[in-house]
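The values are calculated or read from the model by the stated rules, or taken from the named source; none is laboratory data. What you are looking at is a predicted structure, and each value in this text was computed from that prediction instead of being measured. Here the Cβ positions follow ideal geometry from the backbone for every residue, glycine too, while neighbour counts run over all protein chains shown.
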C-alpha cells in the first residue's frame, strides 16, 4: 500500500469495512471517524481521527479502531445509549458519533457530559438536531464515572464498555513496535514531500499525495514535546493542537487556553493538526499562526544540513509564499515568556459558525505590562490580508502608552490602514474591517475592565 | 418503539449505496460538469481524457439511446448538455473507468470551448425578461383592491430568503447492474424510485418493466433526492446499457454540492393592511422564485408557497402571485417544507414590519389573526384549526409573560449582550398538492412460519417511516414487531410510486399497508371463526394468538396460518390507497387539496453578542399538534431535527453563487450547517393531543416538514435582540441572519442610508440578487 494513501480508502475499499462512512472528504463532518491507539511514552493513548485526511503513514504501527472493532455480541453500552435515546435517524453519521464517544471513553477526559460532547464536536448530524445525541452523550459520561486511576482502555474492557481485547492492546503495540523496520522512509535521493498531520494537504490534493514520496513528520520524537527552559518555551513542530491543550507548560502560560482552543476546529482535527503544519500551510487565517505571531515565536528551520532561525513574522512573503526553501522544514519553535513579567494575552475569533469553522477574522494580542504601561505590544490578525500578519504600526503606536478609550480609537484607525481584506465566502471587506475593530475592542474590554464599554462602542 | 434500523445504525451495519458489495467487473463513473453557467458549446474535447489509464469510455449526449431528457414535471432538462449549457455543473460528459480515482482523474483532462452567454442569477431579472418556467399563478380571496380602503394601516416591504443546501450526509449516487435480456437492476439513493425508473426509461429507451429500482435506505434526503437522484441513475444506466457492465457513481461531496439544486431562493414584495384592532384586512404578495435552469419540481414548490402564504392566519382579502423564474443556477428542487417556508417567512416579515411601524409587539398581531375552525384559506379549503389551541397552550405552559419580563430585565442590565424572543405559529397542509400523487400501494405476504413481509413505495431516509409501517402491520395482526419485516423498496414489487415526500409517506403507505393487512386478517378471521365455530366478529388477534370475545384460545398464530394455507386461502395481499376527500381545481385555484393541516406554535429565545455580532439560540419551546402520535420517540426526533434544520436555514446556512453562477459555498468548509454547539441549548416539546378524527394513519399526524418552519422564529428573535441594542438598526428582511449581517446591522446608522449600503455589501456574492 502506498503510505500516502488515505486511511479511509484503505478501510472501506481494501478491508471492506463499510461502517466507516464518507461524508465530506475534508474532515468537516466526522462520518469517517476512527480511533488511533498508539504508545506515547509507553502509555497507551487513543485519539479520534478523521480517516478522510489521514495518510496510512501516520498510523503505521498503531491500533486503528473502526466501528466494527468495537462491536460486541449485543450493543455495547455506548451504542445502547444512542439506541435508547433515539439518537440515530438516517444513521449515516451514526458510526462516527459512536466512535467519537468511544474515543471519549478511551481518553483521560473528565467523565462529564460536557467532555463527552466535546468528543463529538467534529461530528455533523443533519437529521436529529443533536438533542437526542446530547442525551446519549450524558449517559456515556456516566459509563466512565467510576474509572478512578484505572487506565481507560483497561477500564473500558473490564466494564464491557468495549470488547475485551482492548485490555491487552498495550502489550500488542509494544510487540509491534519492535518489528517496525523503517520501511516508510523514502530513499535518500528522492525529493520527499513533508507531511505533518495531513489536515490541510489532504483536503487540497489527496489523489496526488497517494503517489508521492513522503517523509512523515507526525510521529518523529525529536519533532514532538513541549518544554520550558528558563524564560523560553520550546515546542516541537509536530505537536498537535491537542498536545498544546494538554500541556502543563502551555496551561501555565495561558490559563484561558481551553476557551481559545474550543474555537479551533474539532476534536479529531485538533488530534491530527500540527502547529508546524499550521504555519507552513500559510493560510491567512491559521488560528495557531495568529496565536504564535502574537507571541513573536521563532522557528528553527533545517534542510538536513544547515539550520537557521527565522522569526515566524518573517515566514510569509505573500499569499501562500514562504520565506524558506522546499527542502527546509521546521525542527523547533520557541517563544519567550519570562515568568516574572506581567503578561496579558488573548485570542479572538469569529466565524460564520462559532465552532468547527474557519475564521472570518481572528486575532491574538500579547501585551507585556510594566507598571500599568503597555511596555511591549504584539497584535496578530488573520483574514484581513493575504497572509497571517502582525499590525506593527498599531502595536508600535500603543507601545509605551497608558491605555485610554481615545488612544484605542486612534489605534483602531491605524489598524484599518494596515489591513487589506477582500470579500469572499467568509465575509465582505466591509464586514471584516468592522469585525477586526470589534475584536480588538473585545481584547481590550476583557483585559482592561476599567475601560468604559459605552464609550468604546459609542453607545 | 425505537426506529427498526437503530440497531444496525449504531453498529455500522446498515447498508447504504456505497456499501453494497461490488459485483466483479464493476466500473466507476464520474460526471464532467460545465464550467460555464450559460454558453454555446463550441467544442468538447475528450481525447486526452480518453487516453488516461483505466478509462473505458466517455459518454456524451451523442451516446443517448433514448431521449436526452430527464425532466419530471416539464420535459425541459436534458441529461447531457447539447449545444448549450444552462448552469455550472450541468453534465457534459460521463467518464467510465476501472476505478473511481481513474474516472475522477480523467474528468480533469476534459476540455471545452464554450462561448459565454449572459448569466442571470436574479429571479427578478429573469421575470423582467420573461424567463418563466410556467405561467404565473395567483390565489385570491375576497377583494384586495377594495379592502385597502378599510385598512387603518398599510405597510409595504420586501423580503428575500436564500437557498439551502440539503447536505444529506450520504451524497447522491447510483449503482446499475445489467441483468439478462437488457434488464437493469438500479440501486439508487433516491426518494423517488418511480422518478428514477421513468428518467432511465426515457433516456436509455427501455420500458419500465425492465428497470428494477431498488432502495434499502438513504443517508438523508430532505427533498434533495426527490427528482435530483435521476441524473446519476440515468448516467450509470446509460453506461451499463452500452457496456454491459455494472457501473457505479457515488458523488464526491464537492461535485454533489456544485451539480445539484437546492432550496429555492425567493425574492418577494408584500403589502399588508390592518384595521385599528390589528386585524389583518388585506394582504398582497408577489413571489419571485429562483427556479434555476430547469423546471425540476419548481412549479409544485411555487404552488405550495401560494398555499402557505398566509401561514396560520386568517386574512379575508388576499392576492398572492408567484413567478417561477428561470435563471442559470442548477435547477432548484424540493427541500423539507417545499416552498411553504418561503411563503411563511414573507407573512412573518410583513407582520414584523407592521409591528415595528405601529410600535406593538408582533405577537399581538400574530395572536389577533390566528385561524379559527371554519375560516377559509385563500385556496378555498376551510380550516379545522388548532392554531389557537397551540398558541394558548404555549403561552400558558411556557409562561411567555415571564419570558418577556426576564428578557426585559436582562437587556436593561446588559450592554454587550441582548436577548430576543419570537413566537412562530405554523400551519402546514398535508397531502401532495397534486391530487393524483396521493396514492400508494402495499404488498403484504404472511409466510406459513408466521413471519410477515411488507413492501411499499416508501423510502426510509431516517424519518422512521418503515418503523411506523411495521407498527401498522404488527397492530393489525396482533404480532410483535420483530415478526414483521420491511423489504427494500423496489419498482418490481411496488409500481408507480409517489416519492417519499410531502410528509405524507407514512400516511399513504401506512394506510395501504393497513388495508392489505386488514384484508388478510379478515380472511384469517373467517378461517378461525369456522374452525372455532364462532361469529367472525368475535375474533381478534393479540399476542400471536386468536382471541374470541377478548379471551385467548388454544389457536396460536402459526396454527391458524397453517389451517388457512391448507384451505388454500391467500396469505398475500396487494392493496391500493387513495386519499379520500381531496381535490383541487387549478383553473379556479380553489378546492380542498389537503387531507388535514398540522398546527403548532414555537417560542424561540436568542442571545446576541453585540460586540462581535455572534449569537446563540437559547431555547425553542414548542406546542405541536401531533393528532395522536403513534411513535412519540420518532416524532420528537422529527421535531427536534426539523427545528435545527430550519434554524440553520435562517442563520448560518448561506448558499453563495458568484455573478457568473458558480457556487462558492461548495464544501462543508464554506457551507456551514448547525453543529452540536449551534443547536439550541434547550428544545422543549409539548404534545397537543387532538381527539378529532383525521385522515392520518392511526390519527397520528404527519410530522416531517412542519417543524422546520418553527426555525423561522430564530430570524425574528435575532431581529428583536438586535433592535434592543440599536432600536434604529437597519435590518432588511434578508436571510440567513449570519454573524456578518448581525454585526453590520447592529452598527448601522439610518442617517447613512444604510439600507442600500448594506444590500450593496452582499450583492457581489450574488446571493440571489
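Okay, here's what the table says:
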item: Single unsatisfied condition, residue B:694 versus (1) at pLDDT 95 or above; (2) part of a loop (DSSP other than H, G, I, E, B); (3) closer than 17 Å to residue B:624 by Cα; result: (1)
item: Test result for residue A:131, closer than 25 Å to residue A:216 by Cβ, assigned by TED's automatic domain parsing to the domain that holds residue A:42 and more than 25 Å from the chain's Cα centre (by Cα); result: no
item: Single match in B:342, B:384 (criterion: more than 18 Å from residue B:280 (Cα to Cα), part of a loop (DSSP other than H, G, I, E, B) and touching a residue at least 24 places away in the same chain (Cβ under 8 Å)); result: B:384
item: Residue tally, condition in contact (Cβ under 8 Å) with a residue 60 or more places away in the chain, in contact with a strand residue (DSSP E or B) (Cβ under 7 Å, 6 or more places away or on another chain) and not in a strand (DSSP E or B), over the stretch B:530-568; result: 3
item: For residue B:461: the one exception among (1) within 14 Å of chain A (Cβ to nearest Cβ); (2) under 30 Å from residue B:747 (Cα atoms); (3) out of contact with any helix residue (DSSP H, G or I) (no Cβ under 6 Å at 6 or more places or on another chain); result: (2)
item: Criterion violated by residue A:272 - all others in (1) closer than 28 Å to residue A:417 by Cα; (2) away from chain B (no Cβ under 14 Å) satisfied; result: (1)
item: Candidates A:217, A:173 - the one that is surrounded by 12 or more Cβ atoms within 10 Å (Cβ to Cβ) and in the same structural domain as residue A:101 (by TED's automatic domain parsing); result: A:173
item: Selection from the stretch B:569-595 of residues that are assigned to a loop (DSSP other than H, G, I, E, B) and touching a strand residue (DSSP E or B) at 6+ places or on another chain (Cβ under 9 Å); result: B:571, B:579, B:581, B:582, B:586, B:589, B:593, B:594, B:595
item: Matching residues, the stretch B:225-262, being assigned to a loop (DSSP other than H, G, I, E, B) and in contact with a strand residue (DSSP E or B) (Cβ under 9 Å, 6 or more places away or on another chain); result: B:225, B:229, B:244, B:245, B:246, B:251, B:252, B:261, B:262
item: Failed criterion for residue A:409 (all others in (1) in contact with a helix residue (DSSP H, G or I) (Cβ under 9 Å, 6 or more places away or on another chain); (2) within 14 Å of chain B (Cβ to nearest Cβ); (3) not in a strand (DSSP E or B) hold); result: (2)
item: Index of the failed condition, residue A:199 passing every other in (1) in a helix (DSSP H, G or I); (2) within 14 Å of chain B (Cβ to nearest Cβ); result: (1)
item: Odd one out for residue B:677 among (1) within 10 Å of chain A (Cβ to nearest Cβ); (2) surrounded by 22 or more Cβ atoms within 10 Å (Cβ to Cβ); (3) in contact with a strand residue (DSSP E or B) (Cβ under 9 Å, 6 or more places away or on another chain); result: (2)
item: Test: residue in the stretch B:167-185 that is within 14 Å of chain A (Cβ to nearest Cβ) and within 14 Å of residue B:500 (Cβ to Cβ); result: yes
item: Single residue of B:646, B:641, B:600, B:613 found to be within 9 Å of chain A (Cβ to nearest Cβ) and within 22 Å of the chain's Cα centre (by Cα); result: B:641
item: Residue check for residue B:527: farther than 29 Å from residue B:642 by Cβ, surrounded by 15 or more Cβ atoms within 10 Å (Cβ to Cβ) and touching a residue at least 12 places away in the same chain (Cβ under 8 Å); result: yes
item: Residue among B:405, B:388 that alone is touching a strand residue (DSSP E or B) at 6+ places or on another chain (Cβ under 6 Å) and at pLDDT 95 or above; result: B:388
item: Failed criterion for residue A:73 (all others in (1) part of a loop (DSSP other than H, G, I, E, B); (2) more than 9 Å from chain B (Cβ to nearest Cβ); (3) in contact with a strand residue (DSSP E or B) (Cβ under 9 Å, 6 or more places away or on another chain) hold); result: (3)
item: Hits in the stretch B:21-51 (condition: surrounded by fewer than 18 Cβ atoms within 10 Å (Cβ to Cβ) and either under 27 Å from residue B:177 (Cα atoms) or touching a helix residue (DSSP H, G or I) at 6+ places or on another chain (Cβ under 6 Å) (or both)); result: B:21, B:22, B:23, B:24, B:25, B:50, B:51
item: Filter pass, residue B:413 being at pLDDT 95 or above, within 30 Å of residue B:616 (Cβ to Cβ) and over 30 Å from the mean Cα position of the chain (by Cα); result: yes
item: Exclusive hit being touching a residue at least 60 places away in the same chain (Cβ under 8 Å), in contact with a strand residue (DSSP E or B) (Cβ under 7 Å, 6 or more places away or on another chain) and either assigned to a strand (DSSP E or B) or surrounded by fewer than 16 Cβ atoms within 10 Å (Cβ to Cβ) (or both), set A:234, A:285, A:290; result: A:234
item: Hits in the stretch A:412-431 (condition: in a helix (DSSP H, G or I), away from chain B (no Cβ under 14 Å) and under 30 Å from residue B:658 (Cβ atoms)); result: A:415, A:416, A:417, A:418
item: Residues within the stretch A:31-57 that are in a strand (DSSP E or B) and surrounded by fewer than 24 Cβ atoms within 10 Å (Cβ to Cβ), tallied; result: 9
item: Criterion violated by residue A:79 - all others in (1) more than 7 Å from chain B (Cβ to nearest Cβ); (2) without any contact (Cβ under 8 Å) to a residue 40 or more places away in the chain satisfied; result: (1)
item: Failed criterion for residue A:425 (all others in (1) over 20 Å from residue A:265 (Cα atoms); (2) out of contact with any strand residue (DSSP E or B) (no Cβ under 6 Å at 6 or more places or on another chain); (3) without any contact (Cβ under 8 Å) to a residue 24 or more places away in the chain hold); result: (1)
item: Residues that are within 7 Å of chain A (Cβ to nearest Cβ) and either at pLDDT below 95 or touching a strand residue (DSSP E or B) at 6+ places or on another chain (Cβ under 8 Å) (or both), drawn from the stretch B:3-30; result: B:18
item: Single residue of the stretch A:58-70 satisfying the filter (outside any helix (DSSP H, G or I) and more than 10 Å from chain B (Cβ to nearest Cβ)) that is surrounded by the fewest Cβ atoms within 10 Å (Cβ to Cβ); result: A:61
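Residue-wise test of (1) within 17 Å of the chain's Cα centre (by Cα); (2) within 24 Å of residue B:297 (Cα to Cα); (3) within 14 Å of chain A (Cβ to nearest Cβ).
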{"residue": "B:211", "(1), (2), (3)": "no, yes, no"}
{"residue": "B:220", "(1), (2), (3)": "yes, yes, yes"}
{"residue": "B:230", "(1), (2), (3)": "yes, yes, no"}
{"residue": "B:233", "(1), (2), (3)": "no, yes, no"}
